[in-house]
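Student: Dumping the structure here so I can ask a few things about it.
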């Protein structure tokens, strides 16, 4: 039975994870994500993607019952979670992690691949893998240091604490913390605001930041130059510049 429910509201597509009781990741969920995400990422009519959960959890992490099989074949299947995250990172549009509930382990890792992270004030965030003798091995050990620096990242992963929402925000792990009773409205407002922006420019920006990160500055600037000339051929660039000259708000189409 499918665990991902997809809805559309104008240019915003929402992927809702519904695998009670904790939205834990297993190979079937990974396969569903890899089926639904690429066409959503490629659809120009969809200009923002929201990923959220149901109940008390966003994603609780990997299904421990599945992870208990320590065979290399099973672990390789579970590690395909990083493929889901790469589709998100490479999507030429903004992707929002709307963490309605606890985001732990693989759920926290999933959020790190998103462009905007919104956490419910009632939720916790963290990497508790050390408690079961593991470390965050589905992207977390690499993305978390890039977000908060190596020292803090190692400390967070070694300690394995579930952080209250306010502390997660203080450490820069999430972009916004929203009261639970305002969460859905806040996510919808954020998503539609992002969808109204020049989607192609956002996609190009995501690409060149990733391509240039860690490169010598001269090489990084070469990547930027190519993207600038690509951007100047878009309808949104022409619209944005003309709207400024006309003294009116731009009407971007994502093209």
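The values are calculated or read from the model by the stated rules, or taken from the named source; none is laboratory data. Treat the numbers as computed from the prediction; the structure is a model and nothing was measured. Cβ placement follows ideal geometry from the backbone for every residue including glycine, while neighbour counts extend to all protein chains displayed.
Student: Residues being touching a helix residue (DSSP H, G or I) at 6+ places or on another chain (Cβ under 6 Å) and modelled with pLDDT under 95: count how many of those fall in the stretch 61-92.
Tutor: Final tally of qualifying residues: 3.
Student: Also, quick follow-up: For the stretch 1-48, give me each residue that is buried (at least 23 other Cβ atoms within 10 Å of the Cβ) and farther than 19 Å from residue 106 by Cα.
Tutor: 13, 47, 48
Student: Among the listed residues 65, 61, identify the single one that is out of contact with any strand residue (DSSP E or B) (no Cβ under 6 Å at 6 or more places or on another chain) and farther than 24 Å from residue 203 by Cα. First the steps, then the outcome.
Tutor: On the way: 61 fails: out of contact with any strand residue (DSSP E or B) (no Cβ under 6 Å at 6 or more places or on another chain).
Answer to the selection: 65.
Student: Can you tell me which residue within the stretch 217-255, out of those that are exposed (fewer than 12 other Cβ atoms within 10 Å of the Cβ) and within 18 Å of residue 194 (Cβ to Cβ), is farthest from the chain's Cα centre (by Cα)?
Tutor: Residue satisfying both the conditions and the ranking: 249.
Student: Starting from the stretch 11-33, keep only residues that are assigned to a strand (DSSP E or B), then list their pairs with residues that are modelled with pLDDT under 95 whose Cβ atoms are within a distance under 7 Å, requiring at least 6 positions of separation or different chains.
Tutor: Short answer, once both residue conditions are applied: 25/61; 25/62; 25/63.
Student: Still on this structure: Among the residues of the stretch 7-33, how many are within 14 Å of residue 84 (Cα to Cα) and touching a helix residue (DSSP H, G or I) at 6+ places or on another chain (Cβ under 6 Å)? Outline the logic, then answer.
Tutor: Our first condition is that a residue be within 14 Å of residue 84 (Cα to Cα); within the stretch 7-33, this holds for 15, 17, 25-33.
Retained after the next criterion (residues that are touching a helix residue (DSSP H, G or I) at 6+ places or on another chain (Cβ under 6 Å)): 25-27, 30, 33.
Result for the stretch 7-33: 5.
Student: Can you tell me how many residues in the stretch 66-81 are within 12 Å of residue 27 (Cα to Cα) and assigned to a helix (DSSP H, G or I)?
Tutor: Step one: list which residues in the stretch 66-81 are within 12 Å of residue 27 (Cα to Cα), which gives 66-67, 73-81.
The next check asks that each one be assigned to a helix (DSSP H, G or I); those that pass are 66-67, 73-78, 81.
Total meeting the criteria: 9.
Student: Suppose we filter 185, 191 for residues that are out of contact with any helix residue (DSSP H, G or I) (no Cβ under 8 Å at 6 or more places or on another chain), under 23 Å from residue 112 (Cβ atoms) and either assigned to a helix (DSSP H, G or I) or modelled with pLDDT of 95 or more (or both); which single one remains? Walk me through how you get there before you give the answer.
Tutor: Numbers: 185 fails: under 23 Å from residue 112 (Cβ atoms).
One residue alone meets the criteria, 191.
Student: Could you run through the stretch 199-216 and say how many residues are touching a residue at least 24 places away in the same chain (Cβ under 8 Å), surrounded by fewer than 16 Cβ atoms within 10 Å (Cβ to Cβ) and either in the same structural domain as residue 11 (by TED's automatic domain parsing) or in a helix (DSSP H, G or I) (or both)? So that I can check it myself, show each step before the final result.
Tutor: Initially, the stretch 199-216 is screened for residues touching a residue at least 24 places away in the same chain (Cβ under 8 Å), giving 199-204, 206-207, 210, 213.
Checking the rest, the ones that are also surrounded by fewer than 16 Cβ atoms within 10 Å (Cβ to Cβ) come to 210, 213.
With either in the same structural domain as residue 11 (by TED's automatic domain parsing) or in a helix (DSSP H, G or I) (or both) added as a condition, the list becomes 210.
Matching residues across the stretch 199-216 total 1.
Student: Something else now. Taking residue 196, is it in contact (Cβ under 8 Å) with a residue 40 or more places away in the chain, crowded, with 16+ Cβ neighbours inside 10 Å and touching a strand residue (DSSP E or B) at 6+ places or on another chain (Cβ under 7 Å)? Spell out how you get there, then give the answer.
Tutor: Working: in contact (Cβ under 8 Å) with a residue 40 or more places away in the chain: yes; crowded, with 16+ Cβ neighbours inside 10 Å: yes; touching a strand residue (DSSP E or B) at 6+ places or on another chain (Cβ under 7 Å): no.
So residue 196 fails the test.
Student: So which residues in the stretch 144-166 are surrounded by 18 or more Cβ atoms within 10 Å (Cβ to Cβ), without any contact (Cβ under 8 Å) to a residue 40 or more places away in the chain and outside any loop (DSSP other than H, G, I, E, B), if there are any at all? Outline the logic, then answer.
Tutor: Let us first name the residues in the stretch 144-166 that are surrounded by 18 or more Cβ atoms within 10 Å (Cβ to Cβ), namely 144, 153, 156-157, 160, 163, 165.
In the following step, the residues that additionally are without any contact (Cβ under 8 Å) to a residue 40 or more places away in the chain were identified as 144, 153, 156-157, 160, 163.
Those that are surrounded by 18 or more Cβ atoms within 10 Å (Cβ to Cβ), without any contact (Cβ under 8 Å) to a residue 40 or more places away in the chain and outside any loop (DSSP other than H, G, I, E, B): 144, 153, 156, 157, 163.
Student: Would it be correct to say that residue 181 is within 16 Å of the chain's Cα centre (by Cα) and more than 20 Å from residue 7 (Cα to Cα)? Before the answer, list the steps.
Tutor: Values: within 16 Å of the chain's Cα centre (by Cα): no; more than 20 Å from residue 7 (Cα to Cα): yes.
When the stated conditions are applied, residue 181 does not pass them.
Student: Assuming residue 210 fulfils every condition listed in (1) touching a helix residue (DSSP H, G or I) at 6+ places or on another chain (Cβ under 6 Å); (2) under 19 Å from residue 142 (Cα atoms) apart from one, which condition is it?
Tutor: With respect to (1) touching a helix residue (DSSP H, G or I) at 6+ places or on another chain (Cβ under 6 Å); (2) under 19 Å from residue 142 (Cα atoms), residue 210 is out only on (1).
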